[in-house]
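Got a structure for you, written out below as structure tokens; questions coming shortly.
The values are calculated or read from the model by the stated rules, or taken from the named source; none is laboratory data. Because the structure is predicted, anything quoted here is derived from the model rather than measured. Every residue, glycine among them, receives a Cβ derived from its backbone with ideal geometry; neighbour counts consider all protein chains shown. In case anyone asks, the SASA skips ligands and DNA or RNA and just uses the protein heavy atoms, side chains included. Shrake-Rupley method; radii C 1.70, N 1.55, O 1.52, S 1.80 Å.
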Amino acid sequence: LVPVLENLAERSDVPRRVLRKSYSELLDEMDSDDIYEKGMALETLSVKLGRMLGLEFVGWRVRGRETGGSEVDVVMDDLGLTYSRVQIQCKNIKGKLQTKHIAREVGISRTLQTNIILMIAKGGVTTDAKRFANRIMHQENLAIMFLTGEDIEEIDDNPDHLRNVL
């Protein structure tokens with residue numbers, strides 16, 4: 001499998017270590033005491049989830065002029081019938097995702113011209129953040145979706161849960 005993984009990593013720009021990690025390994029790493037390891041595991045998981053959805057990898061830890069200096073964990077494209085750019089942001093914080101986290105990603109989406117924001121929030125999402133996301137989606141051509149820690153756990157046992165929850 002090594003040549004196949006190397007070829008896929010080369011063609012998709014997805015780091016090979018990402019392609020080799022199992023879902024259960026990532027779940028274990030997300031519970032690590034090491035903040036860096038936790039963050040990398042969640043970002044790696046986001047790439048795997050994007051691939052499960054048939055998305056094409058564009059960039060990892062995208063930062064620079066195109067994001068106004070802010071970092072986006074993962075950018076992927078949907079090259080299906082219509083083109084969509086997906087911006088994935090991971091939050092492995094103790095509390096729940098708040099409105100300020102959504103607002104930041106909405107601002108970045110304008111510079112990246114993304115149509116979809118996928119927020120992966122291991123700790124969950126506040127009601128205010130969900131309300132804010134709904135308001136934005138009514139006003140703009142932008143879809144904001146959430147995956148929580150419970151969803152992540154469920155996907156390990158039932159991969160169809162990813163499509164159902166989104």
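Mind grabbing the accessible area of TYR83 for me, 1.4 Å probe, Å², rounded to tens?
Estimated to the nearest 10 Å², TYR83 gives 120 Å².
Here's something else I'd like to know. For the stretch 79-166, what is the charge dipole size about the Cα centre, in debye to the nearest 20, if Lys and Arg each add +1 at the Cβ and Asp and Glu each add -1 at the Cβ?
About 600 debye.
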